[in-house]
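Single-structure report; data block below.
All of the numbers you see were taken from the coordinates with simple rules; none came from a lab. Since we're looking at a predicted model, the values are computed, not measured. Positions of Cβ are generated from backbone atoms using ideal geometry, with glycine treated the same way; all protein chains shown enter the neighbour counts.
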Amino acid sequence: METWVRFSAQSQAKERLFSVSCRAAQYACALAGDTLRRNGASAGVLASVRQLEAHLSLSRKLLRLGSSAEALEAAKRAIHLSDMVLRFCVTLSHLNRAMYFACDNVLWVGKTGLAPGVDQEKWSQRSFRYYLFALVVNLSRDAYEIRILMEREAGGKRAKGGENGRQLRPDNGLQQLGLRLQIQLRLLIHVLRNNPPLLLDVVKNACDLFIPLDKLGLYKTSPGFVGLCGLTSSILSILTILHPWLKLKP
């Protein structure tokens, strides 16, 4: 039984690595296509890159069939987290991901021609809304984790009789505010430097955030910028698969 569980876990990791690699290739195509367009590439080359990007996108949708059930199972596990804020954020994130994957499955059915009547634009907008909600919740969770770690770090320094007490005694109110901001910035850098999983999660979610913002028209950028953000977050996801200790838990 243990051998089967270990084999299943390894297979899931390989499948996830393949899926994320397809995602990285898709956004690399988007970035390359925009760069080629800016450099005056021929229409044939641009069409080939766009076609490859579309095929990779459709392959990813195929690989994500059934991901809604996995996200719901993850949400059920997250309900039992002891920290109330983490429980709320992680559960809500998984629920939004489940809805995103469900909409994505409908899109796949429409794109493959199995259900030609599917309004692809409507379902695409729905999927990106759920994706955006999930990312906002993820970033909220990251902010909560950072605040907890900064408070813990500041409490430890106060207990040791650090410099904070002497630094916050300037005569000018603006100087006091500036010093407090400087101390908070140092704490933030220290916390992120000592917590690589949290740092990677913040950067990955921040990069991913621009994708639904652009697709929904809330913050328009360019295909090249979206491709760069997607490629960066995909590379970071690959790192967390290859080195599981880099993945933020729970």
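Among the residues of the range 114-128, not a single one is of a type in the set (A, V, I, L, M), under 25 Å from Pro212 (Cβ atoms) and touching a Lys or Arg at 6+ places or on another chain (Cβ under 7 Å). Name the residue that is surrounded by the most Cβ atoms within 10 Å (Cβ to Cβ), counting only residues in the range 193-250 that are of a type in the set (A, V, I, L, M) and in a loop (DSSP other than H, G, I, E, B). Ranking the qualifying residues of the range 193-250, first place goes to Leu248. What number of residues in the range 52-92 are in a helix (DSSP H, G or I) and closer than 23 Å to Ser21 by Cα? Matching residues across the range 52-92 total 18. The set of residues in the range 49-97 being surrounded by 14 or more Cβ atoms within 10 Å (Cβ to Cβ), polar (S, T, N, Q) and without any contact (Cβ under 8 Å) to a residue 40 or more places away in the chain consists of Ser57, Ser59, Ser67, Ser68, Thr91.
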